[in-house]
Amino acid sequence: MDTYCRVGRLVSMLSSLLLFFICSGCTPACVMKDTVCESPGRKSFEGRYYAITMYDVHLNANHPFHGVDADAGRIAGVVCGVDVDFMIQHKGDHVMVMGQLGNRTAQIAVSETTGDRVFIGALGGGSVALSLSSGSLVGNTPRWRRIELMLDAVEKDTLSETYWPSFGGREFKIKVRMQQISALWQMPPAAQAAVLPILVECLNRAVAEVYDHARDADPIVFGVPFASAPLGRLKYR
């Protein structure tokens with residue numbers, strides 16, 4: 001009986017050792033954490049209306065504002081129905097994201113000031129200047145001359161603003177929202193820069209779609225499974 005036990009233990013040990021050597025050369029599969037797909041050198045983020053992947057992710061991707069100066073990978077995917085393909089560069093006190101936005105070019109620099117994120121650059125030739133804090137998103141994009149989203153008084157984890165436009169002699173109430181903002185803050189600065197300015201543009205087009213209707217604009221939602229934007233909502237040609 002003891003002999004059989006010793007043989008059994010030896011077989012078990014050899015099997016475990018063989019499995020270790022086989023798997024030690026394998027690349028671990030993608031591990032899903034909420035809506036973030038993580039694997040060595042790669043992170044993916046999804047929401048409504050975006051799905052992007054960061055490739056060759058820099059070790060300091062989440063904390064790049066401390067003297068890091070290096071090429072830091074690439075971001076590709078779709079945001080509000082527009083294909084994006086950006087290179088990432090860490091520039092010491094800011095991160096630069098630049099590349100293709102549909103058939104146009106874009107470049108966004110993101111920096112940090114007392115905990116706020118500041119996004120400066122251009123989308124398809126139009127200027128971008130946005131400031132994101134824990135309680136607001138303020139600034140402008142090519143299609144939105146002035147946006148001022150503040151913490152919603154009712155909906156948790158939501159930035160919103162209410163407009164009262166007039167159309168055909170009638171006044172309408174339109175509420176615009178960005179929901180689950182905490183998921184946006186969990187994204188590395190480069191990923192934020194790749195999606196946020198474009199999603200502000202997307203929100204502007206959503207307002208235009210309901211401008212003469214008595215309903216709220218479709219919200220932008222971070223950290224949920226990918227949902228595509230309505231066909232043709234946003235174009236950069």
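Some points to look at:
- Within segment 129-146, residues that are touching a residue at least 60 places away in the same chain (Cβ under 8 Å) and under 10 Å from E201 (Cα atoms) reach partners that are buried (at least 19 other Cβ atoms within 10 Å of the Cβ) and hydrophobic (A, V, I, L, M, F, W, C) with beta carbons closer than 7 Å, at six or more positions or on different chains, in the pairs T141/L123; T141/V128; T141/V200; W144/V200.
- Residues (under 23 Å from V154 (Cα atoms), surrounded by fewer than 23 Cβ atoms within 10 Å (Cβ to Cβ) and either acidic (D, E) or modelled with pLDDT of 95 or more (or both)) located in segment 200-222: D216, D218, V221
- Condition check for S111: hydroxyl-bearing (S, T, Y) and under 21 Å from A72 (Cβ atoms): yes
- Flag for A190 being aliphatic (A, V, I, L, M), out of contact with any Phe, Trp or Tyr (no Cβ under 7 Å at 6 or more places or on another chain) and at pLDDT below 85: no
- In the condition set (1) buried (at least 16 other Cβ atoms within 10 Å of the Cβ); (2) part of a strand (DSSP E or B), W144 is compliant with all but (2).
- Of all the residues in segment 107-158, those that are on the phi > 0 side of the Ramachandran plot and modelled with pLDDT of 95 or more number 3.
The values are calculated or read from the model by the stated rules, or taken from the named source; none is laboratory data. Since the model is a prediction, treat every value here as computed from it, not as a measurement. Every residue, glycine among them, receives a Cβ derived from its backbone with ideal geometry; neighbour counts consider all protein chains shown.
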